[in-house]
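Just so it is clear, none of the values below were taken in a lab; they were calculated from the coordinates. Owing to the predicted nature of the structure, the values given are computational and were not obtained by experimental measurement. Here Cβ is always computed from backbone atoms with ideal geometry, including for glycine, and neighbour counts include all displayed protein chains.
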Amino acid sequence: MTTRWLYHALLREDWERVGESYAPPSLAREGFVHASYRDVVEASARLYVAPKGACVIVRIDPGGVGARVEDADTPRGPMPHVFGAIPRAAIVEVVALDAWDASRAPDVIE
């Protein structure tokens, strides 16, 4: 089985307030954190986050999450849902949306 990196887009100001873990409002409201895979995270960021302000994309090590991760079928394809807060230590990279280059971002964990 191939393990893929998880990606998540959020407002820069929200990233700057992250403490030991990241728990967006969707976790309390829906029970999970919306995540993406490399090839679709930029579209997700531009669709849902960037219209609200400056945006960053974080790369998440699924092995460091410590919570269940499941793919959900969505109209835009399978998207991972993380069923718990994401420890800051599991976030291995933060990239401004304007500097994002999917061709340079890893997809599969070696």
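Values for this structure:
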{"read-out": "Residue within the range 75-84 that is closer than 16 Å to residue 39 by Cα and β-branched (Val, Ile, Thr) present", "value": "no"}
{"read-out": "In the range 13-44, residue nearest to the chain's Cα centre (by Cα) [restricted to those that are exposed (fewer than 15 other Cβ atoms within 10 Å of the Cβ) and not small (Gly, Ala, Ser)]", "value": "39"}
{"read-out": "Unmet criterion (only one of (1) under 13 Å from residue 6 (Cβ atoms); (2) basic (Lys, Arg); (3) surrounded by 12 or more Cβ atoms within 10 Å (Cβ to Cβ)) for residue 88", "value": "(1)"}
{"read-out": "Subset of the range 61-82 (residues that are of a type outside the set (Val, Ile, Thr) and in contact with a strand residue (DSSP E or B) (Cβ under 7 Å, 6 or more places away or on another chain))", "value": "61, 62, 64, 66, 67, 70, 71, 72, 78, 79, 80, 81"}
{"read-out": "Verdict on residue 43 being touching a Lys or Arg at 6+ places or on another chain (Cβ under 9 Å) and assigned to a helix (DSSP H, G or I)", "value": "yes"}
{"read-out": "Residues (within 13 Å of residue 34 (Cα to Cα), in a helix (DSSP H, G or I) and without any contact (Cβ under 8 Å) to a residue 12 or more places away in the chain) located in the range 47-71", "value": "none"}
{"read-out": "Residue satisfying all of: in the range 72-99; among the acidic types (Asp, Glu) and not in a helix (DSSP H, G or I); farthest from residue 109 (Cα to Cα) among these", "value": "73"}
{"read-out": "Answer residue from the range 7-25, given it is outside any strand (DSSP E or B) and not charged (D, E, K, R) and is farthest from residue 35 (Cα to Cα) among those", "value": "19"}
{"read-out": "Residue tally, condition surrounded by 13 or more Cβ atoms within 10 Å (Cβ to Cβ) and part of a strand (DSSP E or B), over the range 100-110", "value": "0"}
{"read-out": "Test: residue in the range 36-45 that is aliphatic (A, V, I, L, M), in contact with a Pro (Cβ under 7 Å, 6 or more places away or on another chain) and within 24 Å of residue 110 (Cα to Cα)", "value": "no"}
{"read-out": "Per-region count, the range 32-72, residues of a type outside the set (Gly, Ala, Ser) and over 18 Å from residue 5 (Cα atoms)", "value": "7"}
